[in-house]
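Peer 1: Got a structure for you, questions after.
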Amino acid sequence: MNNEIFQHARSAYASKNYEAALAAYTQCLQDVSHPLAPGEMGLLYHQIGNCLVKLDDYNEAIHAYTQATADSVYDAVGAVNYNLGMAYAALHDYEDAVRHFEISVSDAKYDTPYKAYAAMGSALLKLGKSAEAGVAFRQAALDEGNPDPTKSLLNLGICFMALDRPSDAVTSYESALQFDMPPATRNKLFANLGQAYVACGQMQKAVSAFESALADKTYFLSDSANVDYQRAVGSVASGTSEMTAIMSPVSADMSGLDVPADGTPAYPVEDPYAYGNPQDAYYYNEPYGAEQMPGYAPDDRFFNASDEELEQWSKGLAKQDRKRRNVGLKILVFFIALILIALAAGVFLFTQGFGIPSQETVVEELFADPEAASSSVFAKDLSDEKIQSMLAAVEADPNATIDGVNKSMSESTAFVNAKTAEGGEVTYQISLVRDLIGWKVSNVELYFASQNQ
């Protein structure tokens, strides 16, 4: 590759002369006097795609990025596919955008997967797939490389509201409050939090959240948020600040910061995928030192719902897609098989006398401190007198040895050797009975070898 032309192209790109950079990168690609080394074709097409994006020519950018992915030696798979996804999203082709974001996050060498996860979440929301979007936003949030999780927490809350899960939305919004953010973002957050509180029937908290949003007098509630605010104020004034029934916000405003979340493919005036968006004016370096195109500024952090819960919602919302790929049945069969195997293993272990705590653990606890163990290791149907009678014969010995345990499903017998304070040795036969999944002592008696003769 002609390094002189390449450096000229990079300088032109850095100075925002994208037409000159495009011409230089193209010249570098076509210069037959300087053959390209392995991977350099992918690099040049990658940079050409970046220039075309800057020039708002997304169709040609997609063509260039696709050529970059065809170079098997070029290893910036995650970065190129992220750019491809962003270009498709700029054309409102969210299906293809999601496909490339998925490829991007699967690349172990891609060092900023939170960007692709957050962009994927936005695209999925545009497709009305709120549950799947929530999973993506959560992944973006949990990425330790994510420098600012507030927007993703907002978007995660939006997903929960769209799924009619306001209590989880509250958790997401409240988690976002621990991070620094611009006043306008914080005001929006409090307004969204207020509507989530209303949906949960927590009217006093809703009033406080709405008043926090309005405190600096720079923020105005949307019509739906204002209705919820008045509803909350009325409930508090009438003495019903806590509602037992969960309420639905009136036409809840769930537009958030970046994306609509009502399940409809609405396109805001300031499209979050627009590469000229001044809010997204940061760059990151790719392996060859050239700058990436600006990324979608994602965010999200912790929420208290499990992956499995969201994925269950996702199954319902994406049912047709999964039928077409015929994977839903396979996944179901796989999990049923796992459950059956686990149940079979549990039943087998139970019949063989295994338990939690085990017989050995109970016996060790008894001899380590007999008095302390009197309230924990003995069967519940034993009287206090019976327990004290058995304890009187037990020599405290933290190092007592268990010579063997005869196990069955409901009863077990352990043989224990304990040292006396005088240095002698005493052997015990400890009878145990099943207590739910664990074991309890039912009898303690001295054992003599002659008993077996």
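The values are calculated or read from the model by the stated rules, or taken from the named source; none is laboratory data. Here the structure is a predicted model, which is why all the values come from computation and not from measurement. Positions of Cβ are backbone-derived with ideal geometry, glycine not excepted, and every protein chain shown enters the neighbour counts. Quick note on the areas: whole protein, heavy atoms, side chains included, nothing else; ligands and nucleic acids left out. Shrake-Rupley method; radii C 1.70, N 1.55, O 1.52, S 1.80 Å.
Peer 1: Give me the Kirkwood hydrodynamic radius of the stretch 92-188, using the inverse of the mean 1/r over all pairs of distinct Cα atoms, in Å to one decimal. Let's see the in-between values first.
Peer 2: On the way: mean 1/r = 0.0735 Å⁻¹.
It works out to 13.6 Å.
Peer 1: Let me ask you something else. Which order do you get for Glu364, Glu174 if you rank them by accessible area with a 1.4 Å probe, largest at the top?
Peer 2: Output order, biggest surface exposure first: Glu364, Glu174.
Peer 1: Count neighbours as other Cβ atoms within 10 Å of each site's Cβ, and list the chymotrypsin sites (Phe, Trp or Tyr not before Pro) in the stretch 367-453 that are DSSP loop with at most 16 such neighbours. It would help to have the intermediate numbers written out before the result.
Peer 2: Values: sites: Phe367, Phe378, Phe415, Tyr428, Trp439, Tyr447, Phe448; in loops: Tyr447, Phe448.
Here the chymotrypsin sites (Phe, Trp or Tyr not before Pro) that fit, given the DSSP loop and packing criteria, are Phe448.
Peer 1: Give, in nm to one decimal, the length gained when the segment between Ala184 and Asn3 is fully stretched (0.36 nm per residue of separation minus the Cα-Cα distance).
Peer 2: Residue separation times 0.36 nm, minus the Cα-Cα distance, leaves 60.6 nm.
Peer 1: Rounded to the nearest 0.05, what FRET efficiency do Asp216 and Ala108 give with R0 = 56 Å and r taken as the Cβ-Cβ distance? Could you check?
Peer 2: Efficiency, from the Cβ-Cβ distance: 0.80.
Peer 1: Right, next: Per the 1.4 Å probe, what fraction of the accessible area of the stretch 341-453, in percent, lies on carbon and sulfur atoms?
Peer 2: Details: 3640 of 6640 Å².
The C+S portion of the solvent-accessible surface of the stretch 341-453 is 55 percent.
Peer 1: For Glu360 and Gln27 in the same chain, what is the full-extension length gain: residue separation times 0.36 nm, less their Cα-Cα distance, in nm?
Peer 2: 112.1 nm
Peer 1: For the stretch 107-112, in order, what is each residue's ³J(HN,Hα) by Karplus, 6.51 cos²θ - 1.76 cosθ + 1.60 with θ = phi - 60°, in whole Hz (x at glycine and Pro)?
Peer 2: Residue by residue, the stretch 107-112 yields 7, 5, 7, 6, 8, 10 Hz.
Peer 1: With every protein chain left in place, what is the accessible area per residue of the stretch 394-444 in square angstrom, probe 1.4 Å?
Peer 2: 50
Peer 1: May I ask for the equivalent-ellipsoid semi-axes of the stretch 332-413, computed as the square root of five times each C-alpha gyration tensor eigenvalue and listed largest first in whole Å? Please list the in-between numbers first.
Peer 2: Details: eigenvalues 234, 38, 26 Å².
Computed over the stretch 332-413, the values are 34, 14, 11 Å.
Peer 1: Please give the length that would be gained between Asp403 and Leu177 if that part of the chain were fully extended, namely 0.36 nm times their separation in residues minus their C-alpha to C-alpha distance (nm, one decimal).
Peer 2: 75.5 nm
Peer 1: Over the heavy atoms of Ile103, what accessible area does a 1.4 Å probe trace out, to the nearest 10 Å²?
Peer 2: 60
Peer 1: In whole percent, and with a 1.4 Å probe on the protein chains, what portion of the accessible area of the stretch 76-146 is carbon and sulfur?
Peer 2: Exposed carbon and sulfur together represent 48 percent of the surface.
Peer 1: May I pose another question? Spelling out what I want: for every residue of the stretch 178-185, take phi, set θ = phi - 60°, compute 6.51 cos²θ - 1.76 cosθ + 1.60 (Karplus), and round to whole Hz; glycine and proline get x.
Peer 2: Going residue by residue, I get 6, 9, 6, 7, x, x, 5, 5 Hz, with x marking Gly and Pro.
Peer 1: Next question, about the same structure. What nm value, rounded to one decimal, do you get for the distance between Ser431 and Leu91 when each label is placed 7 Å out toward the C-beta?
Peer 2: Rounded to a tenth, the inter-label distance reads 8.1 nm.
Peer 1: For the stretch 139-221, report the accessible area per residue in Å² (1.4 Å probe, heavy atoms, rounded to an integer).
Peer 2: For the stretch 139-221, the solvent-accessible area averages 37 Å² per residue.
Peer 1: Where does the stretch 1-96 land on the Kirkwood hydrodynamic radius, alpha-carbon pairs, in angstrom?
Peer 2: Roughly 13.3 Å, rounded to one decimal.
Peer 1: With a 1.4 Å probe and all protein chains kept in place, how much accessible area does Lys16 have, in Å² rounded to the nearest 10?
Peer 2: 140
Peer 1: Okay, moving on. Over 25 Å between C-alpha atoms is what I'm after, so list which of Lys129/Lys188; Lys115/Lys205; Lys16/Lys151; Lys380/Lys407; Lys54/Lys115 land there.
Peer 2: Where the Cα-Cα span goes over 25 Å, the pairs concerned are Lys115/Lys205; Lys16/Lys151.
Peer 1: A follow-up question, please. Over the stretch 178-239, what percent of the accessible surface lies on carbon and sulfur atoms, probe 1.4 Å?
Peer 2: That share works out to 55 percent.
Peer 1: Over the stretch 1-112, give the accessible area per residue in Å² for a 1.4 Å probe, as an integer.
Peer 2: 45
Peer 1: For Lys440, Lys115, give me the order by solvent-accessible area with a 1.4 Å probe, most accessible first, ignoring ligands, DNA and RNA. Walk me through the numbers before you get to the answer.
Peer 2: Values: Lys440 40, Lys115 0 Å².
Ranking Lys440, Lys115 by accessible area, largest first, yields Lys440, Lys115.
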